[in-house]
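Since the structure comes first, as structure tokens, the remarks are kept for the end.
The values are calculated or read from the model by the stated rules, or taken from the named source; none is laboratory data. Worth saying up front: this structure is predicted, and the values here are computed from it rather than measured. Quick reminder, even Gly has a Cβ in these numbers, built from the backbone with ideal geometry, and neighbours come from all protein chains shown. Note: areas computed on protein heavy atoms with side chains; ligands, DNA, RNA excluded. Shrake-Rupley method; radii C 1.70, N 1.55, O 1.52, S 1.80 Å.
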Amino acid sequence: MGFCPQCRDDRVLVEIAESLRPSRRRPAAGVLSLADARAAKVARTPIGIDEFDRVIGGGLVPGVGILLGGEPGVGKSTLVLQAAGSLADRGGTVLVASAEESVSQVALRAGRLGISDDSILLSSERDVDALIEVARSALPDLLVVDSIQTVAAREVGGAPGGVAQVRESVARLIHFSKESGVPVILVGHVTKDGGIAGPKLVEHAVDVVLYLEGDPERGLRVLRGLKNRFGATHQVGLFEMGESGLIEVVDPAGLLAAGKRGEMPGSVVFPAVDGTRPLLVEVQALVAAATAPQPRRSVKGIEPARVHQVIAVLERHAGLSFADKDVYVSVVGGIKLRDPGADLPVALALASSLLGEAVGSLAAWGEVGLTGEIRAVAHGEHRALEAKRLGLGRVIGPVGGGGNDRILAALASAGLLGDAEWDLGD
Ligand code: TYD
Ligand code: MG
């Protein structure tokens, strides 16, 4: 056009001469070729808690920003303090900024966890710039901020924990981490309903996003990797909350309550695979006469839409009716499953409860399709082996990848409808 369409000025547009374009040959200062960058290997410092290290990809990388989210009371503060203790045991220095609790409260908790180390420094600084100054002079091997909702930047408006404050505090902490090379773990609370106010807001700003999940009333805790710029995502670490903190669960076999293996109607064992590790969980369903004109559908630990779909498939393709029934489905232990293979165990648990028949000692997995087919999901062999290793008598899962297996056949094989045989055998 030759002039600015808004101000009509023809002097604001400047032509860039061809020669000013960056050359494609000469890398500018601060730019590395891929080969050079690959040669400069990153050093990983293991924290020393295997279940934690696996989820973050093997250890801390210089300047890594890690977000640890979770509901209040799930054990985030406990986990980071234990991580600090472990790193200190290995000769590292850790600065724990805990504005959420007083320094003496943290010290008390550390005592309970058996952590007493001069190389753990405590601060209750709430001003993010002052905190960064402290960290800059201490230059620890790890900085823990518990939590991002309690620190604030002075010139930014709004209450600590508010959108503006969280965003700005995280940005400054991550900037410090990148320029100094000090790894940071930022703890963030998530509210019961999925919570956007904190962690979700800053996931893009950090390199690694971890969530700690579990039923606060029970022992099991799942540390889940949702994002990792330095390693594989979707890894999980398992812990049990005990009297003296979180204990690593190395072999999850014991998590499945004995005597609960499909002996009651509505209970089915599911070999879930989270990340690379199989984890046997119990899926429970209760189908009861509806108590209101609009039947209840209550789902815990699985995406409700999946359960609704499974119910529809059972109604259409297996002739079962849930129309006048209340339905409850849950995964025992407060675990949240994202594994699509949960469909079939949910279907079997629902049918088992509806018919009042226990399925016995078996494990099942598979994705249930809308036409009643059962589709293969990843790690079939892995699941079968784990079920077998833990002494389950039979496994029911999709045989091939062809999607020819049917929901009716699966129900029959579990002894719920008809008497056809349909299992993988060996
Ligand atoms: P906490 O780490 O404070 O949770 P968060 O920081 O996520 O809010 O831990 C909360 C619960 O863990 C608390 O209710 C008490 C329990 N707990 C134990 O059972 N054993 C322990 O050794 C510790 C330190 C805590
Ligand atoms: Mg806490």
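What number, in nm² with one decimal, is the all-direction average of the projected area of the convex hull of the alpha-carbon atoms of the chain? Walk me through the numbers before you get to the answer.
Details: hull surface 121.3 nm².
Here the figure is 30.3 nm², rounded to one decimal.
Using Cα pairs closer than 8 Å and at least 6 residues apart in sequence, work out the relative contact order for the range 254-413, in percent.
Numbers: 341 pairs, mean separation 44.9, N = 160.
Value for the range 254-413: 28 percent.
Across the range 175-187, computed HN-Hα scalar couplings (Karplus, 6.51 cos²θ - 1.76 cosθ + 1.60, θ = phi - 60°) run 4, 4, 4, 5, 7, 9, x, 7, x, 10, 10, 9, 8 Hz from first to last residue, x flagging Gly and Pro.
Determine by what factor the alpha-carbon radius of gyration of the range 50-250 differs from 2.2 N^0.38 Å, reporting the quotient.
On the way: Rg = 15.4 Å, N = 201, 2.2 N^0.38 = 16.5 Å.
That ratio works out to 0.93.
Please compute the length gained on full extension between Leu355 and Arg154, using 0.36 nm multiplied by the number of residues separating them and subtracting their Cα-Cα distance.
Here the segment from Leu355 to Arg154 would lengthen by 66.1 nm.
Please give the charge dipole size of the range 254-413, origin at the Cα centre, charges +1 on K and R Cβ atoms and -1 on D and E Cβ atoms. Round to the nearest 20 debye.
Numbers: 17 positive and 15 negative charges, 49 e Å.
Magnitude of the dipole: close to 240 debye.
Between Glu303 and Ala378, the distance separating the two model label sites (each 7 Å from Cα on the Cα→Cβ line) works out to 1.5 nm.
What is the gain in length, in nm to one decimal, between Leu108 and Ala40 on full extension, counting 0.36 nm per residue of separation less the C-alpha to C-alpha distance? Walk me through the numbers on the way to the answer.
Values: separation 68, 0.36 × 68 = 24.48 nm, distance 4.19 nm.
In short, 20.3 nm is gained.
When DSSP beta bridges are restricted to pairs lying wholly in the range 1-147, around 10% turn out antiparallel. Listed peptides 163-175, 106-118, 76-88 appear in the order 76-88, 163-175, 106-118 once ranked by packing, highest mean of other Cβ atoms within 10 Å at the front. For Val359, the residues whose amide H sits under 5 Å from its own are Gly266, Ser267, ignoring neighbours fewer than 5 places away on the same chain, with H placed 1.01 Å from N. Computing Rg and the Kirkwood Rh from the Cα coordinates of the range 254-413 gives a ratio, Rg/Rh, of 0.94.
Return the FRET efficiency for the residue pair Asp10, Thr233: r is the Cβ-Cβ distance, R0 is 56 Å, and the value is rounded to the nearest 0.05.
Details: r = 52 Å, r/R0 = 0.93.
With a Förster radius of 56 Å, E is 0.60.
Counting only protein heavy atoms and using a 1.4 Å probe, the accessible area of Arg338 comes to about 130 Å².
Using helices alone, I'd like the mean residue ellipticity at 222 nm for the chain: each DSSP H run of four-plus residues gives -39500 (n - 2.57), total over residue count, nearest 500. Mind dumping the intermediate values first?
On the way: 10 runs with 109 residues, N = 426.
Computed ellipticity for the chain at 222 nm equals -7500 deg cm²/dmol.
Under unit Cβ charges (Lys, Arg +1; Asp, Glu -1), what dipole magnitude, rounded to 20 debye, does the range 109-152 have relative to its Cα centre? Walk me through the numbers on the way to the answer.
Numbers: 4 positive and 8 negative charges, 41 e Å.
I would put it at about 200 debye.
Given R0 = 25 Å, the distance between the Cβ atoms of Ala292 and Glu203 translates into a calculated FRET efficiency of 0.05.
Placing +1 on each Lys and Arg Cβ and -1 on each Asp and Glu Cβ, with no other charges, gives the chain a dipole about its Cα centre of roughly 860 debye. Once Lys and Arg get +1 and Asp and Glu get -1 on their Cβ, which of Ser413, Ala318, Gly393 lies farthest toward the positive end of the dipole of the range 254-413? Projecting each Cα onto the dipole axis, the largest value belongs to Gly393.
Between Val222, Pro271, Leu370, the Cα set farthest toward the positive side of the dipole of the chain (charges on each charged residue's Cβ, about the Cα centre) is that of Leu370. Once C-alpha pairs closer than 8 Å and six or more residues apart are averaged by separation and normalised to the residue number of the chain, the relative contact order reads 12 percent. Taking amide hydrogens as placed 1.01 Å from N in the peptide plane, the amide H of Arg406 sits under 5 Å from those of Ile374, each at least 5 positions away in sequence or on another chain. With only the Cα atoms considered, the range 298-377 has a convex hull volume of 95 Å³ per residue. Near Gln235, the amide H atoms lying under 5 Å from its own belong to Gly225; only residues 5 or more places off or on other chains count, and H is placed 1.01 Å from N.
Placing unit charges on the Cβ atoms of the charged side chains and taking the dipole of the range 50-250 about its Cα centre, the candidate lying farthest along the positive direction among Phe239, Val209, Leu79 is Val209.
List the relative contact order of the range 266-314 as a percent without decimals, with contacts defined as Cα pairs under 8 Å and 6+ residues apart. Walk me through the numbers before you get to the answer.
Working: 30 pairs, mean separation 11.8, N = 49.
Across the range 266-314, relative contact order equals 24 percent.
For the range 361-368, putting each phi into the Karplus relation 6.51 cos²θ - 1.76 cosθ + 1.60 with θ = phi - 60° gives couplings of 7, 9, 10, 9, 7, x, 8, 9 Hz, in residue order, rounded to whole numbers and with x for Gly and Pro. Couplings 3J(HN,Hα) of the range 305-314, computed from phi: 4, 5, 5, 4, 5, 4, 4, 4, 5, 4 Hz, in residue order, whole Hz [Karplus 6.51 cos²θ - 1.76 cosθ + 1.60, θ = phi - 60°; x for Gly and Pro]. The antiparallel fraction among DSSP beta bridges confined to the range 254-413 stands at about 70%. Each DSSP beta bridge with both residues in the chain is either parallel or antiparallel, and the antiparallel ones are about 50%.
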